[in-house]
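Data first, discussion second: the structure below is written as structure tokens.
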Amino acid sequence: MNETTLRPSGESHPLAAPVGLFEAFLFWLKLGFISFGGPAGQIAIMHQELVERRRWISERRFLHALNYCMLLPGPEAQQLATYIGWLMHRTWGGLIAGALFVLPSLFILILLSWVYIAFGEVPVVAGVFYGIKPAVTAIVVHAAHRIGSRALKNGWLWGIAAAAFVAIFALDLPFPLIVLGAALIGYAGGRVAPDKFALGGGHSAAKASYGPALIDDHTPTPDHARFRWSRLLLLVGAGALLWVVPMGLLTAVFGWQGTLTQMGWFFTKAALLTFGGAYAVLPYVYQGAVGHYGWLSPSQMIDGLALGETTPGPLIMVVAFVGFVGGYVHPMFGADQAFLAGAVAASLVTWFTFLPSFLFILAGGPLVESTHNELKFTAPLTAVTAAVVGVILNLALFFGYHVLWPEGFEGRFDWPSAIIALAAAVALFRFKRGVIQVLLACAVTGLAVHLLRI
């Protein structure tokens with residue numbers, strides 16, 4: 001007979017059954033294929049499955065882990081899965097949970113990227129992407145509004161957002177410099193006016209009760225989650241080795257200026273700058289991948305974001321598309337091995353993008369487990385989040401320019417694209433429709449318009 005626990009209301013809950021590593025593997029694999037909806041949707045799915053239904057972890061412990069993940073650069077939903085997997089089944093559990101959150105998306109994006117490159121000029125495919133491009137512009141504007149409404153709580157933060165927009169739009173300053181400047185302003189502002197840089201709201205303390213969980217509010221910290229200097233140094237050394245070895249091999253085979261080597265170096269830097277989510281780092285990826293290296297065109301960058309929006313996994317997986325296209329058009333294994341070059345580039349880009357995320361969780365998790373009090377955003381991070389709003393707005397203008405004036409300001413204004421973008425914005429802002437629904441509707445509309453033009 002199952003043991004039960006009695007809630008204050010008199011309602012009883014059976015205790016959650018122990019979970020083996022294989023059962024956890026099957027769940028994380030399933031999650032990797034159903035994790036649509038961006039970080040908010042992915043976190044909601046994990047909360048529903050792990051806290052409410054399966055009761056693998058209590059809500060308070062779930063939110064405590066989430067607060068830590070939101071302090072880090074990188075995709076917070078993937079890091080949260082890694083954290084919970086590590087807490088339940090040690091290092092292997094964390095590696096399995098984090099990897100399965102990413103791998104299905106990687107394989108799907110490699111396939112879709114190949115279809116896009118190989119058949120992008122086919123009328124049906126071209127028509128679908130004709131409708132998707134203006135939808136992506138509206139989605140990025142919506143993202144700027146969503147983040148801004150949460151982050152810009154006073155005039156100081158509005159000023160930082162405006163300054164960041166001017167810095168990247170008018171002065172063309174690199175994204176890392178903008179992040180550094182915002183962090184320094186936040187550090188100073190936190191001392192001068194701490195109330196202006198305190199992030200209100202966020203994830204409130206847990207109030208709901210779903211019954212006893214395997215990892216409950218007062219479950220003792222397992223031995224593997226206790227902080228040890230020896231373990232920290234071992235993990236840092238292993239992480240450094242996992243970065244140095246592939247970078248060394250790439251440098252030895254292709255040289256420092258080789259496409260794969262430069263991709264590894266560039267996306268390592270990008271991985272450390274993803275404060276504020278994937279939309280925040282996209283301008284940096286654009287500056288490097290489109291402007292500096294020429295791995296893909298502005299139009300291809302927009303299409304890649306659309307593919308990232310319509311596949312499961314973190315939105316930052318758009319970097320796999322960037323890697324595939326860059327490798328495909330610069331085939332380092334010969335012209336007849338373009339697909340292999342693209343697949344290898346996409347896989348390497350994914351490796352260098354997510355390696356820091358695993359290290360942050362496995363090395364930092366024991367420090368977080370040492371206290372179950374809610375973590376707060378620091379003043380520098382608050383300022384960085386404000387700056388991100390200005391940067392994303394610049395990205396929206398960049399996309400809008402290339403969609404509405406595909407031949408430049410001297411060319412024609414694309415009225416059908418403008419109407420599709422406006423309709424997508426109304427659907428997102430007014431009717432609160434989901435991103436997938438908006439993209440599908442715009443794709444069908446774009447296909448109809450494109451076929452009528454032929």
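The values are calculated or read from the model by the stated rules, or taken from the named source; none is laboratory data. Since the structure is predicted, the reported quantities are computational estimates derived from the model, not experimental observations. Ideal geometry is used to build each Cβ from the backbone, glycine not excepted, and the neighbour counts take in all protein chains shown. Ligands, DNA and RNA are excluded from the accessible area calculation, which covers all protein heavy atoms including side chains. Shrake-Rupley method; radii C 1.70, N 1.55, O 1.52, S 1.80 Å.
Only residues that are part of a helix (DSSP H, G or I) and of a type outside the set (A, V, I, L, M, F, W, C): list them for the range 395-452, please.
G400, Y401, H402, P416, S417, Q437, T445, G446, H450
Quick one: in the range 168-190, which of the residues that are without any contact (Cβ under 8 Å) to a residue 60 or more places away in the chain and assigned to a helix (DSSP H, G or I) is farthest from F266 (Cα to Cα)?
Here the answer is A188.
Select from the range 406-422 the residues that are open to solvent by less than 60 Å² (accessible area, probe 1.4 Å) and touching a residue at least 12 places away in the same chain (Cβ under 8 Å) and list them in ascending order.
P416, S417, A418, I420, A421
Note down all Cβ pairs under 7 Å where the first residue falls in the range 192-203 and is of a type outside the set (F, W, Y), the second is open to solvent by less than 70 Å² (accessible area, probe 1.4 Å) and modelled with pLDDT of 80 or more, and they're at least six residues apart or on different chains.
So the pair list comes out as K196/N154; K196/G189.
What tally of residues in the range 253-274 results from selecting those that are among the aliphatic types (A, V, I, L, M) and open to solvent by 20 Å² or more (accessible area, probe 1.4 Å)?
Count: 3.
On the basis of being touching a Pro at 6+ places or on another chain (Cβ under 7 Å) and within 26 Å of L367 (Cα to Cα), does A225 make the cut?
yes
Select, from L111, L87, the only residue that is within 23 Å of M46 (Cβ to Cβ), in a helix (DSSP H, G or I) and either among the hydroxyl-bearing types (S, T, Y) or at pLDDT 90 or above (or both).
Only one candidate qualifies: L87.
Might you let me know whether the range 304-323 holds any residue that is out of contact with any helix residue (DSSP H, G or I) (no Cβ under 7 Å at 6 or more places or on another chain) and either open to solvent by 10 Å² or more (accessible area, probe 1.4 Å) or closer than 25 Å to S417 by Cα (or both)?
For the range 304-323, residues out of contact with any helix residue (DSSP H, G or I) (no Cβ under 7 Å at 6 or more places or on another chain) and either open to solvent by 10 Å² or more (accessible area, probe 1.4 Å) or closer than 25 Å to S417 by Cα (or both): absent.
Hey, any hits in the range 339-347 for a residue that's modelled with pLDDT under 90 and not acidic (D, E)?
no
Given the conditions (1) more than 30 Å from L87 (Cα to Cα); (2) assigned to a helix (DSSP H, G or I), and given that G364 satisfies all but one, which numbered condition is not satisfied?
(1)
Do we have any residue at all in the range 181-204 that's open to solvent by less than 60 Å² (accessible area, probe 1.4 Å), closer than 30 Å to P298 by Cβ, aliphatic (A, V, I, L, M) and at pLDDT 85 or above?
yes
For the range 14-49, enumerate the residues that are part of a helix (DSSP H, G or I), of a type in the set (A, V, I, L, M, F, W, C) and at pLDDT below 90.
Residues satisfying the conditions are L31, F33, I34, A40, I43, A44, I45, M46.
Would you please name the residue that is nearest to Y284 (Cα to Cα), looking only at residues in the range 70-101 that are open to solvent by 10 Å² or more (accessible area, probe 1.4 Å) and β-branched (V, I, T)?
Restricting to residues being open to solvent by 10 Å² or more (accessible area, probe 1.4 Å) and β-branched (V, I, T), the top hit is I96.
Just the residues that are over 20 Å from L260 (Cβ atoms) and buried (at least 22 other Cβ atoms within 10 Å of the Cβ), please, taken from the range 287-302.
Correct list: I302 only.
Given the conditions (1) over 22 Å from the mean Cα position of the chain (by Cα); (2) of a type in the set (K, R); (3) at pLDDT below 90, report the number of the one that K376 does not fulfil.
The one condition K376 does not meet is (1).
Are there any pairs, at least 6 apart or on different chains, whose C-beta atoms fall under 7 Å, with the first in the range 239-256 and assigned to a loop (DSSP other than H, G, I, E, B) and the second open to solvent by less than 80 Å² (accessible area, probe 1.4 Å) and β-branched (V, I, T), and if so, which?
G255/T261
Within the range 311-337, which residues are among the aromatic types (F, W, Y) and touching a residue at least 60 places away in the same chain (Cβ under 8 Å)?
Matches in the range 311-337: F321, F324, Y328.
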